[in-house]
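Comments concern the structure below.
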Amino acid sequence: MDSEHWRAVITAAQAGDRRALDELVAGWLPLVYNIVGRALNGHADVDDVVQETMLRAVGNLGSLRDPDSFRSWLVAIAMRQIRDRARRKTPDRLEEAPASDFADLTVLRLQLEGQRREVAEAVRWLDDEDRQLLSLWWLEVAGELTRRELAAAVGITRQHAAVRVQRMKERLETSRGIVRALDGACPGLRELTGRWDGRPDSVWRKRLARHIRGCGYCGGTRETVVPAERLLVGIALVPLPVGFTLSLAFGGKTAVAATSAGWSAKLLGALTKPAVAVTAGATIVAGGAYVVTQPPDAPPPRAAIAPTATATSEPPRTSAPPALTPRSSPSATKKTDPYGTVVDAVDRAPDPDTPPAALPRRPESGITSTGGPKAVMQHRGDRVTLTGRGYVLVRWQISPGSRPGALVMPSWTGLEGRLFHVASGGSRRMDDPLPGAPNGYATGMGGPGIGYAVLPPGTQQMWQNEYFYLDGTVTLTQNERGCDYGLIVFPTDRDAVVEDIGQGPPQGAIRYGLVRDTGTDSAPVPQYVTRQTPADPATVPQRSRV
């Protein structure tokens, strides 16, 4: 949450700006709704807990000293309200069924199928504590939260969070097996469940798990089981249901009670001022009430499609890539960019013994970098501005062992002049096998023992070293939000590029490099590049025709 835009919005809302407050609530309400909805699995209390979370966030907004910590602060408030609700539950309310099962809502609204549907439905079988943790981990894998924010929200260290998450994932995998088995036709399982009332709980989870472990029919896998974190990558937030209302006027309190609860006079004035506006698919009406206005017959929004079960199983290095769904609509080269095209095809890994083509010569006067000769970018928001005419090396360091999941790509912004993708080197692609790889790695993108780094659909697979040619100025930003990764940026020259890509198998490397520069104005440009300077560089669209 280091966006300059949100920092400005939060600061303005703290000063009593009504529009900023409207934007803040509308922008972060879906995140809170997904955390609470999944933690409580759609229980009738979801609306109340969401309401109380946003009420407390608005009421205490003035106490937030660092706008950059708003997201972790808001998530922590939501988790406190969830735990408070659990402590308030009476024996009578323990048996209440969900008002609208959040697993079903997730499947229907995001149109999940196959193993993704299986993961969503498996959530029903988790205990309350695991479901609360999963509500955060799900968003971490999807790139909406960081591990640091997850740990802070639960109130534990990152090391303890890693242990808790691993145990929760084990129970989630057990629950996935139960969902899979219940969809089958095992006679023994039908007999066992004859006494079951159909409501998932921990007792029946253990009974069914014991049956599955000892049953050749239920325990046999008829397809590759993809790790949950790889299935959740790219799944969008569940949209707010039509008719969902959030009243922030006083939350049922009088003005005196609201004032005594710590609400500032400016915020009270802003909240009680009659106003009507439409933002983020919701109508903001007099008194600060948010009502989702999407018509009931409107089609559900489609989630970003992550790799399918077939695509996410690790293919052989030279296998053809699966067909992938684009994140953005096709776009031809625009007149404002009278050169080059994007890297617009997910290529096959070349034969390891294929030498690279000749690298065209381009004028070099040298590149200056605000990060010096070696800019190390390890955290979201780190950036470096490059100026001049010459070559730049961007070296990838991906760490799924630290945190696997969705890899939010870096982006090039504020481009003035020209930028080409000229070559790929480092003797390996990041998805190449790593012989004798330690600690659960199978490739540079991870492995079954630690989880995988997963690219957005249609994104070109990176090599260890990616080379670019710049004639002008541009800023490169590290947009880490899901999987942990780092970039090292070096100004370099053509001779160094040629030497790198020419280090092939005879020198013990995995493969030769690739030349992508055509020598003309049709040379490819990066997929995530813009001449604009957006407030959040992570929003730069993937300009790919895949």
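Condition check ((1) at pLDDT 90 or above; (2) of a type in the set (Lys, Arg); (3) open to solvent by 30 Å² or more (accessible area, probe 1.4 Å)) across all residues:
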residue: 445; (1), (2), (3): yes, no, no
residue: 500; (1), (2), (3): yes, no, no
residue: 516; (1), (2), (3): yes, yes, yes
residue: 521; (1), (2), (3): no, no, yes
So, first residue closer than 25 Å to residue 125 by Cβ in segment 38-55, second residue at pLDDT 85 or above and open to solvent by 20 Å² or more (accessible area, probe 1.4 Å), Cβ within less than 6 Å, six or more apart or across chains; the pairs are 39/131; 39/132
If I filter segment 330-343 for residues that are crowded, with 17+ Cβ neighbours inside 10 Å, at pLDDT 85 or above and more than 23 Å from residue 407 (Cα to Cα), do I get at least one hit? no
State whether one or more residues within segment 84-106 are at pLDDT 85 or above and crowded, with 19+ Cβ neighbours inside 10 Å. no
For the condition open to solvent by less than 20 Å² (accessible area, probe 1.4 Å) and at pLDDT below 85, what is the one hit in 42, 114? 42
Some residue of segment 177-191 being part of a loop (DSSP other than H, G, I, E, B), open to solvent by less than 30 Å² (accessible area, probe 1.4 Å) and more than 27 Å from residue 138 (Cα to Cα): yes
For segment 430-522, which fully contained strands (runs of 3 or more DSSP E) count at least 2 residues that are touching a residue at least 12 places away in the same chain (Cβ under 8 Å) and closer than 25 Å to residue 385 by Cβ? 463-477, 485-492
Can you tell me which residues in segment 377-408 are out of contact with any helix residue (DSSP H, G or I) (no Cβ under 9 Å at 6 or more places or on another chain) and within 22 Å of residue 4 (Cβ to Cβ)? 377, 378, 379, 382, 384, 385, 386, 387
Has segment 530-544 got any residue that is assigned to a strand (DSSP E or B), under 24 Å from residue 428 (Cα atoms) and in contact (Cβ under 8 Å) with a residue 24 or more places away in the chain? no
Over segment 2-37, the set of residues in a helix (DSSP H, G or I), over 29 Å from residue 137 (Cα atoms) and either touching a His at 6+ places or on another chain (Cβ under 9 Å) or open to solvent by 50 Å² or more (accessible area, probe 1.4 Å) (or both) is 14, 19
Given (1) out of contact with any helix residue (DSSP H, G or I) (no Cβ under 9 Å at 6 or more places or on another chain); (2) over 17 Å from residue 385 (Cβ atoms), residue 537 misses just (2)
Selection from segment 118-160 of residues that are open to solvent by 10 Å² or more (accessible area, probe 1.4 Å), farther than 22 Å from residue 198 by Cα and acidic (Asp, Glu): 144, 149
Within segment 489-498, can one find any residue that is surrounded by fewer than 21 Cβ atoms within 10 Å (Cβ to Cβ), out of contact with any strand residue (DSSP E or B) (no Cβ under 9 Å at 6 or more places or on another chain), farther than 14 Å from residue 396 by Cα and modelled with pLDDT of 90 or more? yes
Matching option when the condition is of a type in the set (Asp, Glu), more than 24 Å from residue 522 (Cα to Cα) and at pLDDT 85 or above, among 382, 297: 382
Filter segment 447-477 for residues that are crowded, with 20+ Cβ neighbours inside 10 Å and of a type in the set (Asp, Glu) and give the result. 466
Considering only segment 525-539, I want to know if a residue exists there that is open to solvent by 30 Å² or more (accessible area, probe 1.4 Å) and over 27 Å from the mean Cα position of the chain (by Cα). no
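The values are calculated or read from the model by the stated rules, or taken from the named source; none is laboratory data. Everything numeric in this text was worked out from a predicted model, so none of it was measured. For neighbour counting, all protein chains shown are included, and Cβ atoms are generated from backbone atoms with ideal geometry for every residue, glycine included. In case anyone asks, the SASA skips ligands and DNA or RNA and just uses the protein heavy atoms, side chains included. Shrake-Rupley method; radii C 1.70, N 1.55, O 1.52, S 1.80 Å.
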